[in-house]
Ligand code: IMP
């Protein structure tokens, strides 16, 4: 099976992704300077973005990982029911935390994460999302860094999956609607 055959189109090609991530890395580096931020990757979707963003940064920083359930199985709609599957290994009290997310859709997942992380008293908590789908936002969340605003389409690639596949594509593509309808 060729995963590419199930795509309606490529929305963001690899070179545009990389160029924007390079800019974000420079901006984050300027903003944090010597604060030694902790980048928190939201698994699994954020893993490609985290690894490229980290390499685009030129300041000392740490990495940690968290997994949160959102969509189950083949579904393309958020259930609104969110829970922690894997927690951080670091103590974030008095740390400057930057949450690195693949995509913000309704905002439920991030809203839940931000609430939990804030109870742990970080020195600061900011959000860096590669993709933002403003059309579907339910929760009012401030995104401090955004790679791209995208239309309300189901996208895959560069960490984002459908039924656990497509994460390895080096670009962001739109899945053919007949794949999930
Ligand atoms: P939210 O809670 O609705 O903001 O959903 C956020 C999570 O849903 C993301 O971290 C993704 O895992 C997943 N998600 C939302 N939109 C898409 C999409 O277009 N493609 C793949 N996954 C998505």
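The values are calculated or read from the model by the stated rules, or taken from the named source; none is laboratory data. Predicted model, so just to flag it, every value in this text is computed and none were measured. Positions of Cβ are generated from backbone atoms using ideal geometry, with glycine treated the same way; all protein chains shown enter the neighbour counts.
Could you run through the range 77-113 and say how many residues are surrounded by 15 or more Cβ atoms within 10 Å (Cβ to Cβ) and either within 8 Å of the ligand (Cβ to nearest atom) or modelled with pLDDT under 95 (or both)? Result for the range 77-113: 15. Considering the conditions (1) within 10 Å of the ligand (Cβ to nearest atom); (2) part of a strand (DSSP E or B); (3) in contact with a helix residue (DSSP H, G or I) (Cβ under 7 Å, 6 or more places away or on another chain), residue 174 is excluded by exactly one of them, (3). Restricting to the range 153-167, and then to whatever is more than 7 Å from the ligand (Cβ to nearest atom), under 15 Å from the mean Cα position of the chain (by Cα) and assigned to a loop (DSSP other than H, G, I, E, B), can you tell me which residue is surrounded by the fewest Cβ atoms within 10 Å (Cβ to Cβ)? This residue is 167.
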